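Just so it is clear, none of the values below were taken in a lab; they were calculated from the coordinates. Just so you know, these numbers come straight off a predicted model, no measurement behind them. Because the Cβ atoms are built from the backbone with ideal geometry, glycine has one as well, and the counts that use them run over all protein chains shown.
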Amino acid sequence: MLVKELIQELQKFNPEQEMVFSCGIESGRSYDSCSNGDWDLDVEDLDEDEIKELSMKECFGDDWDDCTYDELQEDDKEMIDGYIEDYKPRVVFNISGECTDYQ
């Protein structure tokens, strides 16, 4: 979702209306529910090393711990460099609160 889409959705509501936050996550065998949670808003703006680390973990799974960027083959380096070039900071909207686990 883009920030502008969130703003458009929020414009439909009365600004004086109370807002509560909740979320639910289905994790395969159970369902976690969070109601009446707090929220925070931040910008995820990673530096080049953080992008490399995340993209290596995504591409190579747990095996990424066994190597460094400099040890990668050229085509793997090109793939990781593509992640770095395509990276755009994201706004992160986080809901946190007490979690209830339903089996």
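Summary of computed values
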{"quantity": "For Kirkwood radius over Cα pairs in Å, calculated from these coordinates, the label among (1) 22.5; (2) 17.3; (3) 12.8", "calculated": "(2)"}
{"quantity": "Ordering of 4-13, 86-95 by burial proxy (mean other Cβ atoms within 10 Å per residue, highest first)", "calculated": "86-95, 4-13"}
{"quantity": "Linear extension gain, CYS23 paired with ILE7, 0.36 nm per residue minus alpha-carbon span", "calculated": "3.8 nm"}
{"quantity": "Residues of type lysines that LYS12 reaches as a straight line, Cα spacing below 16 Å, ignoring anything fewer than 8 places off in the same chain", "calculated": "LYS4"}
{"quantity": "Global geometry of the range 47-86, whether rounded, prolate or oblate, following the gyration tensor of its Cα atoms and the 1.5 cut on a/c", "calculated": "oblate"}
